[in-house]
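In what follows, a single structure is set out as structure tokens and then discussed.
Only the coordinates and a few stated rules stand behind these numbers; no lab work does. Predicted model only: the values in this text are computed from it and were never measured. All Cβ positions, even for glycine, are placed from backbone atoms using ideal geometry, and neighbour counts span all protein chains on display.
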Amino acid sequence: MSHKAGFVNIIGNPNVGKSTLMNAIVGEKLSIITSKAQTTRHRILGIVNGDNFQVVFSDTPGIIKPAYELQESMMGFVKSAFEDADILIYMVEIGEQQLKDEVFFNKIKHSKIPVLLLLNKIDKSNQEELESQVQLWAVKVPNAEVIPISALEGFHIKEVFDRIIELLPESPPFYPKDQLTDKPERFFINETIREKILLHYKKEIPYAVEVETEEFLEEDKIIRVRSVIMVERDTQKGIIIGHKGSALKRVGVEARKDLEQFFGKQIHLEIYVKVNKNWRSNQNQLKRFGYNQ
């Protein structure tokens, strides 16, 4: 029996539903999801295996105009998604008119590989608006197949996946058949804690934060974890901790619950807060946290 395999890379503006789509198809919460822009900072792989196929999905940061070194690195992950894709998913949402970066938009329009333009959040529109948007994108990106979906509600997700399987090139698998992602356990701990910070803190705080897991000890019935939340200034440290530690405690409790579900084991989670001045603009620190690679 012939075997198909390939990289299906998902790109688009912030908050169009890229992470929701990948999680829905993979069946696991690999990418954190919040309503804030720039939730996804890395390129995260989600691998779906069948007897005669392997689809390597790639979630990427939303396309923005970079304002500092961290964002430059995030856009580097998006650029890399163009380089190794076998199929490109360009994701837009109802009401959207254009990509924020004309260079990326031109790359999509002149892509030599199949492009699926997924028009997301159709559950928030009516038939007239939907038809108008489908026509708009069919003209803007004539090389793409336009497919209306709702990643959150699961509308037409199976149709998208079936079409991907049709378009995949014949190839042996790129990863072991039991592998789900390319990221280690510590990455998902870091991201789960960061998700809670994005959900509970306002203004600049979530964007000034990075999480590093210093200890991950897996025993038979429990995983012991020690993680550090990095902030850029002393004032931010105080806000993260909150009055008598209440804010930090809420982050820890919610993160632990999610991680216990993800790992299927009891989690003992310790979280500390440290100041790491201007880490977002420090090349050495960015490399340490997995950016600029």
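Charge tally around residue 129: other residues with Cβ under 15 Å, Lys/Arg +1 each, Asp/Glu -1 each, net -3. Database remark: amide H of residue 223 closer than 5 angstrom to the amide H of 266, 267, 268 (H placed geometrically; neighbours at sequence offset of 5 or more, or on other chains; Pro and chain starts carry no H). Taking the Cα centre of the chain as reference, the dipole from Cβ charges on Lys and Arg (+1) and Asp and Glu (-1) amounts to some 1200 debye. Gain on full extension, evaluated as 0.36 nm per residue between residue 28 and residue 136 minus their Cα-Cα distance, stands at 35.6 nm.
Relative to the longest principal axis of the Cα atoms of the chain, the long axis of helix 127-140 lies at roughly 80 degrees.
Computed over neighbours whose Cβ is under 9 Å from that of residue 65, the net charge equals 0, Lys and Arg +1, Asp and Glu -1.
Remark: the Cα gyration tensor places the chain in the prolate category, a/c being 1.5 or greater and a/b exceeding b/c. What do you get for the angle between helix 69-83 and the principal long axis of the chain? Use alpha-carbon atoms, 0 to 90 degrees, nearest ten. For 69-83 against the chain, the angle is about 30 degrees.
Approximating the spin labels as points 7 Å out from Cα along Cα→Cβ, the residue 155-to-residue 263 distance works out to 3.9 nm. Multiplying the residue separation of residue 102 and residue 234 by 0.36 nm and removing their Cα-Cα distance gives an extension gain of 43.7 nm. Selection among 201, 228, 217 by position relative to the dipole of region 192-233 gives 201 as farthest towards the positive end (Cβ unit charges, Cα centre).
Within the same chain, lysines fewer than 8 places from residue 237 are excluded, and of the rest, those with a Cα less than 20 Å from its Cα are 196, 202, 203, 249, 274, 277.
Charged side chains reduced to their Cβ positions (Lys and Arg at +1, Asp and Glu at -1) give region 80-221 a dipole of some 560 debye around its Cα centre. Take each peptide in 247-256, 5-14, 261-270, count the other Cβ atoms within 10 Å of every residue, and average; sorted highest first, the result is 5-14, 247-256, 261-270.
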